[in-house]
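The values are calculated or read from the model by the stated rules, or taken from the named source; none is laboratory data. The shown structure was predicted, so the numbers you read here are calculated from the model rather than taken from an experiment. Positions of Cβ are generated from backbone atoms using ideal geometry, with glycine treated the same way; all protein chains shown enter the neighbour counts.
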Amino acid sequence: MLRVIRETIRIWVILTGLWVVLLLAGCAGSPQSASIPPHVTQLPEPPVVEATSPQGSLWRENGPLTNLFVDPKAANVGDIVTVSIVETSTASNDAQTQTGRKSSLTASVDGFLGLENRYASNAKFNPFSAIKGGMENAFDGSGSTARSGKLAASMTARVNEVLPNGNLRIIGSREVTVNNETQIITLSGTIRPRDISPDNVILSTYISEARITYTGDGIVHEGQRPGWFTRIMNVVWPF
């Protein structure tokens, strides 16, 4: 009998140890593979336009030396443009609500099955205020939220499409890896050629429909992600 009890205790100790190991493994961050987005800078080949010269003239409108007096700025599909990302956002919101309500009710009973005569001698009984009621409630709530963000970077994008009105759709990505920590910046949007500076640089604030993503993968990224067991407990824990 004693041997059976020892074996049972031994099995429970082993199972408890395995459960503790699973809990510790669940609370630890699991290694994540590099979530590098698709090669967004893969662009279609620009259409080849052959330079033609009119009869009786040596001038070619889109020849290689026709833009000697024009700033070298992005204008065609495949051209590159440098984007200076300067994004700053700050937002705050406060709300406060106060409500209150108070009501009372008093009713008299002149007669009710002769019971008023029975309790007439009772000093505590007053038929003119036999029924009384009251209700009072109050609510006071307040809340506030604040958020701020700042991003400063510089990257080069490529013209993906030239719209009929002359605007340019750009798209690009930048990936930097230092000590197994990868930082990825992706950008897309629409720009106007007039907003490009003479040195072929445009601010991110001039990009319409801008989508700027700054992500990372590595040890720092894994340290910010809780383990799978912790995430499950955050979902199912009712308190």
Worksheet item: Looking only at residues in segment 169-184 that are in contact with a Lys or Arg (Cβ under 8 Å, 6 or more places away or on another chain) and at pLDDT 90 or above, which one is nearest to Ala153 (Cα to Cα)?
Response: Gly172
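In segment 177-190, which residues are out of contact with any Phe, Trp or Tyr (no Cβ under 6 Å at 6 or more places or on another chain) and closer than 20 Å to Val83 by Cα? Reasoning before the result, please.
First pass over segment 177-190, keeping only residues out of contact with any Phe, Trp or Tyr (no Cβ under 6 Å at 6 or more places or on another chain): 177-184, 186-190.
Result: Gln183, Ile184, Thr186, Leu187, Ser188, Gly189, Thr190.
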Item to complete: Being farther than 16 Å from Asn76 by Cα, surrounded by 15 or more Cβ atoms within 10 Å (Cβ to Cβ) and out of contact with any helix residue (DSSP H, G or I) (no Cβ under 7 Å at 6 or more places or on another chain) narrows it down to one of Thr177, Thr182, so name that one.
Response: Thr182
Fill in: Condition check for Phe229: more than 27 Å from Val81 (Cα to Cα), surrounded by 15 or more Cβ atoms within 10 Å (Cβ to Cβ) and either at pLDDT 70 or above or over 21 Å from the mean Cα position of the chain (by Cα) (or both)
yes
Fill in: Matching residues, segment 138-176, being β-branched (Val, Ile, Thr) and in contact (Cβ under 8 Å) with a residue 24 or more places away in the chain
Thr145, Thr156, Val159, Val162, Ile170, Ile171
